[in-house]
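Enquirer: Okay, handing you the structure first.
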2 protein chains.
Amino acid sequence: MTKQLFGSIEAGGTKFVVAVGDSELNIIEKAQFPTTAPAETLAKCVDFFTAHPVSALGIGSFGPIDIDKKSATYGQVLATPKPGWAGADVVGTLKAALNVPIAFTTDVNASAYGEYIGGSGKDVDSLVYFTIGTGIGGGAIQDGKFIGGTGHAEMGHALCVPRPDDDYQGTCPFHGRHCFEGMAAGPSLEGRTGIPGQDLPRDNKAFEFISDYIAQMLFNTYVNLRPAKIILGGSVLSDAELPMVRDYFEKYNNGYVATPDLTELIVTSKMPNNSSATVGDFALAKQVLG
Amino acid sequence: MTKQLFGSIEAGGTKFVVAVGDSELNIIEKAQFPTTAPAETLAKCVDFFTAHPVSALGIGSFGPIDIDKKSATYGQVLATPKPGWAGADVVGTLKAALNVPIAFTTDVNASAYGEYIGGSGKDVDSLVYFTIGTGIGGGAIQDGKFIGGTGHAEMGHALCVPRPDDDYQGTCPFHGRHCFEGMAAGPSLEGRTGIPGQDLPRDNKAFEFISDYIAQMLFNTYVNLRPAKIILGGSVLSDAELPMVRDYFEKYNNGYVATPDLTELIVTSKMPNNSSATVGDFALAKQVLG
C-alpha cells in the first residue's frame, strides 16, 4: 500500500500557498505564487500537484465562496471585488485536472480546523478561530463540524458598537462605522493614525479601540456559540493586547454568562509559521478521503 | 408491543406545563400548575407522569441550566434569581422517581426543536428560534444538533447598538443599555411608555425601537450561523412588526451577505397554541429513547 499524501491550497487574495503533507500532516513540500488571473493561478496549482501527486486535496479559499455541495455553483468564488475571480470555478478546475477528492472551505475555516486538529483547540470539542488581518473572518467548529447552515460564517461583518470617543468612519464599504472588519481590522490602525499598523507603537489609543471592538465580537460570538476556546490569528493583534481584550470581554459580560478563566478561553494562535490553515487543509483532505 | 408515549415538561419560571404525546407527537394529555418551590413543583410532575406513564421524557427548562452530560451538576438549574431554584436537581429528581430516559435542554431549544420537527423549520436543515417575551432567548439547530459548545446559547444578552433617539436605560441588571433582552423584551415597552406592551398601540415608537434591536440581533446571528430560517416566537412581536424587522435587517446587511428572500428567512412561529416547545420535548424524548 502506497503511503498517502495530502495536498493543501491556501487560496488567498494576494498569494496562493500550496503544500504536500504526509499521513502525520507534516509539510514535506511547499511553494507559493502570487494570485493573478484564475486560469493562470489554478494552472500553477495543477502543475504543482502534477509534480507532487496527492491522494486528496484540501482548499481553504478567500471568499465569499459557495460551499453548499447541493448548489449549482458549489466550489466557485462568489461576488468578490477581486478582478476576474467572481464565478471562478476553483473546485471544478482542479477536480478536472487532478481527479482527486477535494475538501473546499474558507481560509478561516481551514485555520479553525488546523487549530482543532493540532493547535490550541486540540483538546476541546468546540472553538471559534478569528483571523484579524487585512480583514476579519471567523470560523467555528462544534464536535468536528463547521458551523454554518446555508453558507460560511461572516463574523467580521456583525455589528459593532462604535465608541463615542472614536470618530473613525470605518473601511467597510457596506457597513461604515458598524462592522468589526471596518472598525478593527489592520487597515483601521493606519486609517486612524496615518501610521501603518506594524509601525504603530502598541500604546497608541488605536490599539485600545480595536481591542474593545474585538472583545465585543468575541463576547457576541461566545453567547451565540459557547465555544470552549476562542483563538485569535492574523498579524494585527499580539499577546500584548490580550489582557485588554479579556478585560473588555469581561466588562461586556459583567458576570452574566459562566465562562472558563479568560486566560484559558481567549488565546492567540501558537501554531508554528502560521501553519494552521495548511494543517487544516491536510486534515480536511484526509477526512474527505474517508 | 405497547405503543410508545412521550412526556413533555415545559419548565417555566411562572408555570410548568406537562403533557403526554403519542408516537405521532400529538398531545393526548396536558396539565399545568404554577412554579412554586422545586420540591413541590417537581412532585406534581412526578404525580402526573405516574398517573400517565411515558417511555421517555423531554424537558425544556428556564435557565440558566447545566446541559453538559459530563458535568457534575448536569440536569440542574444554575444561578437563577428565581427563589429556591438555584441548584435544583430537575433531572436527578425526575429520573429517581420515574426511571425513564430524559432529554434536558432549555425552553427555547425545545421550541427550536419543535419548529425543526413540525413547524416553520420542518423543511430546512438549520434554523434559529427566538422567543421574545418577558426575556429574550435564542436556540439554534444545525443538521439536527443544538448549537452550543460548552453550554446553551444566551443570545438575548449579546450586545445591541443603542439608538441615539432612544434614551431608555434597559431592564437587564447586568447589561444596561447594551443587551437585546434589556432593550427589546416585553418589559421594555412598558418601561419606555408606562403602558403595558399588550395595551400599547402598534404604531407607538417603542415598537420601532424594539424592531430595530431585534433586527440587529437577527443580523448578527445570521452572519454567525447562516441559518436557513429565523423563527420568532413569544408574545411581544406580531406579524405587524415583521416588515419593519426585515427592513432594519436589510439596512444592517446593506447587500453584503447573500440571503434568501427575507419574507422566507424571517418568519413568526405558526405552530398552533404555542405548541413548539411541547412538540420539541416529545421529539427529544423520542430521540433519547433511540
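The values are calculated or read from the model by the stated rules, or taken from the named source; none is laboratory data. Quick caveat, the model's predicted, so the values are computed rather than measured. Every residue, glycine among them, receives a Cβ derived from its backbone with ideal geometry; neighbour counts consider all protein chains shown.
Enquirer: Quick check on this structure: which one of B:143, B:123, B:166 is of a type in the set (D, E, K, R), touching a strand residue (DSSP E or B) at 6+ places or on another chain (Cβ under 8 Å) and at pLDDT 95 or above?
Expert: So the residue among B:143, B:123, B:166 that is of a type in the set (D, E, K, R), touching a strand residue (DSSP E or B) at 6+ places or on another chain (Cβ under 8 Å) and at pLDDT 95 or above is B:143.
Enquirer: Mind checking which residues of the stretch B:270-283 are surrounded by 19 or more Cβ atoms within 10 Å (Cβ to Cβ) and either touching a helix residue (DSSP H, G or I) at 6+ places or on another chain (Cβ under 6 Å) or on the phi > 0 side of the Ramachandran plot (or both)?
Expert: Across the stretch B:270-283, the qualifying residues are B:276, B:277, B:279, B:280, B:281, B:283.
Enquirer: Take residue A:29 and tell me if it is over 15 Å from residue A:102 (Cβ atoms), acidic (Asp, Glu) and assigned to a loop (DSSP other than H, G, I, E, B).
Expert: Here the answer is no, as residue A:29 does not meet what is asked.
Enquirer: Could you give every pair whose Cβ atoms fall below 9 Å, whose first residue belongs to the stretch B:227-241 and is without any contact (Cβ under 8 Å) to a residue 24 or more places away in the chain, and whose second residue is assigned to a strand (DSSP E or B) and not basic (Lys, Arg), counting only separations of at least 6 or pairs across chains?
Expert: The qualifying pairs do not exist here.
Enquirer: Going through the stretch B:37-76 one residue at a time, which ones are of a type in the set (S, T, N, Q), modelled with pLDDT of 95 or more and assigned to a loop (DSSP other than H, G, I, E, B)?
Expert: B:55, B:73 - these are the residues of the stretch B:37-76 that are of a type in the set (S, T, N, Q), modelled with pLDDT of 95 or more and assigned to a loop (DSSP other than H, G, I, E, B).
Enquirer: Working only within the stretch B:1-31, note down all residues that are under 24 Å from residue B:108 (Cβ atoms), loosely packed, with under 15 Cβ neighbours inside 10 Å and in contact (Cβ under 8 Å) with a residue 12 or more places away in the chain.
Expert: Listed by number, the residues that qualify are B:14, B:15.
Enquirer: Have a look at A:50, A:36 and point out the one that is surrounded by fewer than 19 Cβ atoms within 10 Å (Cβ to Cβ), free of Cβ contacts under 8 Å to residues at least 12 places away in the same chain and more than 24 Å from residue A:272 (Cβ to Cβ).
Expert: A:36
Enquirer: A further question on this structure: Out of B:173, B:83, B:187, report the one residue that is at pLDDT below 95, away from chain A (no Cβ under 12 Å) and over 19 Å from residue B:59 (Cα atoms).
Expert: Checking each option against the conditions leaves just B:83.
Enquirer: For the stretch B:140-158, check the following and say yes or no: at least one residue is at the interface with chain A (Cβ under 7 Å from one of its Cβ atoms), of a type outside the set (Val, Ile, Thr) and free of Cβ contacts under 8 Å to residues at least 12 places away in the same chain.
Expert: Yes - at least one qualifying residue is present in the stretch B:140-158.
Enquirer: Out of all the residues in the stretch B:165-203, which are touching a Leu at 6+ places or on another chain (Cβ under 7 Å) and either touching a residue at least 24 places away in the same chain (Cβ under 8 Å) or under 21 Å from residue A:159 (Cβ atoms) (or both)?
Expert: B:178, B:179, B:189, B:197, listed by residue number.
Enquirer: A follow-up question, please. Only strands (runs of 3 or more DSSP E) wholly contained in the stretch B:93-207 count here; list those with 1 or more residues that are surrounded by fewer than 23 Cβ atoms within 10 Å (Cβ to Cβ) and not assigned by TED's automatic domain parsing to the domain that holds residue B:265.
Expert: B:102-106
Enquirer: Which one is nearest to residue B:78 (Cα to Cα) among residues in the stretch A:245-260 that are in contact with a strand residue (DSSP E or B) (Cβ under 7 Å, 6 or more places away or on another chain) and more than 9 Å from chain B (Cβ to nearest Cβ)?
Expert: Step by step, filter the stretch A:245-260, then rank; the result is A:249.
Enquirer: Give the stretch A:67-90 a look and list any residue that's in contact with a Leu (Cβ under 9 Å, 6 or more places away or on another chain) and crowded, with 21+ Cβ neighbours inside 10 Å, or say none.
Expert: A:75, A:88, A:90
Enquirer: Please determine whether any residue of the stretch A:161-168 is within 14 Å of chain B (Cβ to nearest Cβ) and under 12 Å from residue A:134 (Cβ atoms).
Expert: No, every residue in the stretch A:161-168 fails to be within 14 Å of chain B (Cβ to nearest Cβ) and under 12 Å from residue A:134 (Cβ atoms).
Enquirer: A follow-up question, please. Looking only at the stretch A:126-136, filter to residues that are under 19 Å from residue A:159 (Cβ atoms) and modelled with pLDDT of 95 or more; which one of those is farthest from the chain's Cα centre (by Cα)?
Expert: A:128
Enquirer: Going through the stretch B:17-69 one residue at a time, which ones are under 30 Å from residue A:228 (Cα atoms) and either among the aromatic types (Phe, Trp, Tyr) or not assigned by TED's automatic domain parsing to the domain that holds residue B:95 (or both)?
Expert: B:62
Enquirer: Here is a list of conditions, (1) within 12 Å of chain A (Cβ to nearest Cβ); (2) in contact with an Asp or Glu (Cβ under 8 Å, 6 or more places away or on another chain), and residue B:128 meets all of them except one; can you say which number that is?
Expert: (2)
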